[in-house]
Amino acid sequence: MLKVLVTGANGFVGSHIVEALLEAKHYVICSLRETANLKWIRGLSLDCKYGNLSDNNFLEKIVKDVDVIVHCAAVLRAMTKDEYFKTNVEITKNLCETILRVNPRLKKIVFISSQAAMGPSMSDGFRKLTDKENPISDYGLSKLAAEREIKKKLYGKVLYTILRPAAVYGPRDKDMFIFFKLVHKHLRPVTLMRKLLQLVYVKDVANSVVDCLKNEKTNNNCYYLADTVAYTWSDVGKIISFSANLKTVPVLIPDFIFKFVGITMEILSYFTRRPALLNRQKINEMLEYWIADTEPSTRDLNVSFTSFKAGSKITYNWYLNNRFF
């Protein structure tokens, strides 16, 4: 049993990681803000520490006596580039420095990055991890910068593994939920864009984290996590419809509609002072190819990645049973 610290433990991905760690019989410590929503982790056998990761004293307190750290905390949406970098990069940098200062014998840190850090493919060819990164969003830039801080600070001193999940879906997710909601209303979005993307079921991400804790093959390596099959956005709607066993009416959505929605929501965010769910950068990402070589993860990780057909059925039924519709 390892003593594992998880940052961002109450979020969509983080809560599934916590559950997987508990199932593997590890002792789990969660760093949480005082105002954190504990909906997904309430009732679990956790050692919760409350504070702010930007507070160095709090960092020292939670890092000091743990065996492994799973760094999942991140800002997914922000108003400015500085906001992304303040949390995603500066906190990661401070975390690494704190590890070296108060817990240099840490067994490993597992960092949850993103496909956005790698950037899109230039065509329908699968990108390799050895290819030069080209993130096209502030979020992607911040995650890449955070990866570089980990490598720069910890290489040769503390072991690390960097995981770059593709678009993550599954129970509790709010981003892909819109596709499931439309299908539930018997509407199936059909896009003109034929760009391809890969998906990854959230529990596969969580199981990958657990495997990395003791898997020596993953030491100081980076992995792209995804189902091996590439889909178009139209395929996504079809598969959800099939999985839910629902007849749907195709609704054509031209590319300019996506762009218009992104611009509109970004403008509204300036009035609400809250980050938009979709903005121009997010839409630009959607209009690119997001496919990469998953061979290293299937080779080194002891994880079987769930097909979208199977994962979407589980996810739809979860939304249904938990009254999301």
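The values are calculated or read from the model by the stated rules, or taken from the named source; none is laboratory data. Because the structure is predicted, anything quoted here is derived from the model rather than measured. Don't worry about glycine lacking a Cβ; one is built from the backbone with ideal geometry, like all the others, and counts go over all protein chains shown.
Points to keep in mind about this one:
- Elements of type strands (runs of 3 or more DSSP E) in region 179-291, at least 3 residues being touching a helix residue (DSSP H, G or I) at 6+ places or on another chain (Cβ under 8 Å) and under 17 Å from V168 (Cβ atoms): 221-225
- Yes/no for L100 being touching a strand residue (DSSP E or B) at 6+ places or on another chain (Cβ under 7 Å), of a type outside the set (K, R) and modelled with pLDDT of 95 or more: no
- Meets criteria (assigned to a loop (DSSP other than H, G, I, E, B) and surrounded by 20 or more Cβ atoms within 10 Å (Cβ to Cβ)) for L141: no
- Restricting T232, T218, T228 to those that are within 21 Å of E288 (Cβ to Cβ), touching a strand residue (DSSP E or B) at 6+ places or on another chain (Cβ under 9 Å) and either β-branched (V, I, T) or surrounded by 15 or more Cβ atoms within 10 Å (Cβ to Cβ) (or both) reduces the list to T232.
- Pairing residues of region 286-311 that are within 18 Å of K214 (Cβ to Cβ) with residues that are surrounded by fewer than 18 Cβ atoms within 10 Å (Cβ to Cβ), at Cβ distances under 6 Å and at least 6 apart in sequence or on separate chains, gives D300/K217.
- Screening E23 with (1) in contact with a His (Cβ under 9 Å, 6 or more places away or on another chain); (2) exposed (fewer than 15 other Cβ atoms within 10 Å of the Cβ); (3) within 23 Å of P165 (Cα to Cα) gives one miss only, at (1).
- Within region 122-173, tally of residues that are among the basic types (K, R) and closer than 21 Å to T87 by Cα: 6
- Checking each residue in region 55-74 for being surrounded by 15 or more Cβ atoms within 10 Å (Cβ to Cβ) and in contact (Cβ under 8 Å) with a residue 40 or more places away in the chain picks out I62, V63, V66, D67, V68, I69, V70, H71, C72, A73, A74.
- Taking region 24-48 as the range and being without any contact (Cβ under 8 Å) to a residue 12 or more places away in the chain and among the charged types (D, E, K, R) as the test, only R42 passes.
- Number of the condition not met by Y224 [criteria: (1) hydroxyl-bearing (S, T, Y); (2) more than 21 Å from S113 (Cα to Cα); (3) within 18 Å of the chain's Cα centre (by Cα)]: (2)
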